[in-house]
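Quick notes on the structure that follows.
The values are calculated or read from the model by the stated rules, or taken from the named source; none is laboratory data. These numbers come from a predicted model, not from an experiment. Glycine gets a Cβ as well: all are built from the backbone with ideal geometry, and neighbour counts include every protein chain shown. Only protein heavy atoms, including side chains, enter the accessible area calculation; ligands, DNA and RNA are left aside. Shrake-Rupley method; radii C 1.70, N 1.55, O 1.52, S 1.80 Å.
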Amino acid sequence: MTISVVIADDQEMVRTGFRMILESQPDIKVLADVVDGAAALSAVDRLRPDVLLLDIRMPKADGLEVTRRLAERPEDEHTPRIVIVTTFDLDAYVHAALHGGASGFLLKDASPAMLVEAVRAAAVGDALISPAITVRLLRELAPTAPGGARNPTEPLTDREQDVVRALARGRTNAEIAAELHVSLSTVKTHLANVQVKLDARNRVEIAAWAWESGLAASGTGGP
């Protein structure tokens, strides 16, 4: 399956760089790159991309405003997965983007491989946040005392708790597999089961739940 992408950023060099990185991948096609939020909304209607890459600070409508508008659309209107890619490492931006419906948040100094991974993750309904901000953000968003998190529909197994705890500390699936001495497919299976039990949309919500419930702070090991 080819993933279609629209890039929205007011800096031409950034748009060109992102296009080159993404178009080097056989499963990704860039449909257009645009210079502001209004053009991004127009491109979504016209081209119906799978994924929309958005800068935050743009003319006419910034990335957070575009994210909000798309999230408010009726179900019968096309809504792409959104990945915010910005220079500004501000928790308020991250919080607003994720709660507004974004599927990822990257800094512009992220590696090309991470940009590609974020697009692929968004396309299948998963989410990716720059490791530099993931753990810090989730810690700060969690309540000061456990107990405010929703209860899972079924208790998590011990192994599922191990996987979620590692996820909440910023580990990738591959790192979790190595840390717990299990296969990558086993990690994915555990996370899929946890996602159902928590009624979570993606791994970001799983990690947030881990901090809210106090699970992430339990056990041993650092971030």
Quickly estimate the mean residue ellipticity at 222 nm for the chain, helices only: each DSSP H run with n ≥ 4 gives -39500 (n - 2.57), and the total goes over all residues, rounded to 500. -15000 deg cm²/dmol
State, to one decimal in nm, how far the label point of T157 lies from the label point of L31, with both points 7 Å from Cα in the Cβ direction. 4.1
Which of the aspartates and glutamates could a cross-linker span from K29 if the Cα-Cα distance has to be under 16 Å and same-chain partners fewer than 8 positions apart are dropped? D50, E117
D33's amide H: which non-local residues (gap 5+, or another chain) put their own amide H closer than 5 Å, with H modeled 1.01 Å from N in plane and none for Pro or chain starts? I7
Carbon-plus-sulfur fraction of the accessible area of region 52-103, 1.4 Å probe, in percent? 49
In the set (1) 35; (2) 40; (3) 45, which value of percent of Cα pairs over 25 Å apart was calculated from the structure you see? (2)
Hz values of 3J(HN,Hα) by residue in region 3-9 - Karplus curve (6.51, -1.76, 1.60), Gly and Pro given as x: 8, 8, 9, 10, 10, 10, 7
Lysines whose Cα lies under 28 Å from that of K197, excluding same-chain neighbours fewer than 8 positions away: K188
Accessible area expressed per residue, the chain, with surrounding protein chains retained (probe 1.4 Å, Å²): 49
